[in-house]
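One structure below.
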């Protein structure tokens, strides 16, 4: 297990390095920030001084090495716009995005698993058919439209829930969280539902497919032939088997949720990383874009690792050499 | 003495959109304490469905449409699901065909055994573990205490089937239904398991139904044999007599298609044609299209199962009585 972890960590470092190069080149190709940052009235001397102070006069490979060297020390550059370390800007916004993504994922599991289980065990009932039809809607309705509809219905017409911002926050361990106050939680509900709709549908369909497949397996019939109660057959024998694909997909989706919460955050004016990256792209704030992408890459790498480890816990067949 | 199991006129039908599939149609047999009944037939002849009917695990759209299953005098077809569940794995156990598929891949052996003990006996977890360990030892699994911690994928096919058998034996059942348990195993392992099954029945008085398509297995193991064709028992009797001098042309055909030392070099005889679809069985004898002895009379009526000789039953208008007499 230790060998495996070590190998995985080295692989992860390789992925991060390769991504840093790609991200750096990609962002370099987008455009020259000088045109946006320096006032058109500035004279030649001022321009050159600004370019030199930003390090933009160096050849590209040297810029990359400087970036890499500093990145290893945790310095991903200063935002052109806010004149603050880019990493800190992102980390400041991260809790907001994280709690939204976690909320959405938890909702997907709490709502999706039971519905999928029901639909898988009673595939012909009317309720199951309704659940499956609903999941198709969840898949195909565009996020921004659903978001706007949620605001229209629950914020504007019914006035039950607020539609913008994080509401009151509480500082715990130096980080501000919304979900710990009632007001903050009420601000979270609509964007979390918006973000989780797709995932709920995904979990429903995965669970249903898994249950229907597992129910036909010999080991389920054998479990019944042993005289076990139906509950034990479903919640131990079937459930543990379907958890494997569900954990994999939900885990991988979690990274995607964080990375692409941009739309939801924009609609609900949720001050998270997604909103920051959109604003940064608009003004070509290169350090922030690079730092954001690097954080996301790191996050994906970590999530994949966690999923792999969870997987070995759930499925003894992929358990690695030695006793876990 | 009442037999452990008596099946009378069992009908298990599957009500599909395309029509009614009569997977088991008017099947009767009995198994006594300590005896082994070989239930023989081709794929789709209804032998597995018969087994599932007895243990009450026929899945929709199938259901028992008629007949009685008397287990120690109680009609299982009238029992509630709860009462059936008490019997399953307890008084009636089943062993499945493919040992690679019958154990749950993500649960440890001890989990799968202890849950079976606790499903039918109020006892502590430690005691249940001890029973499980003893059962593993009983079926010849070395160092059972350690193997309890293992997962199914850490066992070979033969060992997994032993585990499945150990699970079936946990509550010392009165009846074991074994659905081709040796088909997926290689021949040496098959021999060991057959020998142990035989010993078990003789020692503990367990009745056993051994479902198979392999006549050579039945010849060595069973006391009685019931040959199924298209959902019906076509021939029934003591195994030696039936195999020596079959009455039904289908049984004769089956025996003829087994390779034998006596006919070395000669091409194997085979039964022409294929098993008919159970969806639309023709009137009359279901085997007549493939039968060398068929006449017009076979198409007219469905032959009844008849006792042609003492203890020898066959469902045929033109049985091989001459061979039976010669024997």
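The values are calculated or read from the model by the stated rules, or taken from the named source; none is laboratory data. Worth saying up front: this structure is predicted, and the values here are computed from it rather than measured. Virtual Cβ from ideal backbone geometry, glycine too; neighbours counted across all protein chains shown.
Listing for the model above:
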quantity	calculated
Which listed residue, of B:135, B:178, B:150, is outside the structural domain of residue B:222 (by TED's automatic domain parsing), within 29 Å of residue B:70 (Cα to Cα) and touching a helix residue (DSSP H, G or I) at 6+ places or on another chain (Cβ under 9 Å)	B:135
One residue from B:7, B:36, B:49 being more than 23 Å from residue B:306 (Cβ to Cβ) and away from chain A (no Cβ under 14 Å)	B:36
Residue within the range A:271-287 that is closer than 30 Å to residue A:67 by Cβ and touching a strand residue (DSSP E or B) at 6+ places or on another chain (Cβ under 9 Å) present	yes
So residue A:243, is it in a helix (DSSP H, G or I), more than 14 Å from chain B (Cβ to nearest Cβ) and touching a residue at least 40 places away in the same chain (Cβ under 8 Å)	no
Any helices (runs of 4 or more DSSP H) falling wholly within the range B:143-216 and containing at least 3 residues that are closer than 25 Å to residue B:5 by Cβ	B:157-169, B:187-204
Any helices (runs of 4 or more DSSP H) falling wholly within the range B:53-128 and containing at least 2 residues that are in contact with a helix residue (DSSP H, G or I) (Cβ under 7 Å, 6 or more places away or on another chain) and facing chain A (nearest Cβ under 7 Å)	B:99-102, B:109-120
Qualifying positions in the range A:219-240 - touching a strand residue (DSSP E or B) at 6+ places or on another chain (Cβ under 6 Å) and outside any helix (DSSP H, G or I)	A:227
The range B:252-269: number of residues that are without any contact (Cβ under 8 Å) to a residue 40 or more places away in the chain and in contact with a helix residue (DSSP H, G or I) (Cβ under 8 Å, 6 or more places away or on another chain)	3
Flag for residue A:188 being buried (at least 17 other Cβ atoms within 10 Å of the Cβ) and within 14 Å of another protein chain (Cβ to nearest Cβ)	no
Residue check for residue B:141: closer than 18 Å to residue B:189 by Cα, surrounded by fewer than 22 Cβ atoms within 10 Å (Cβ to Cβ), more than 8 Å from chain A (Cβ to nearest Cβ) and free of Cβ contacts under 8 Å to residues at least 40 places away in the same chain	yes
Flag if residue B:129 is at pLDDT 90 or above and under 20 Å from the mean Cα position of the chain (by Cα)	no
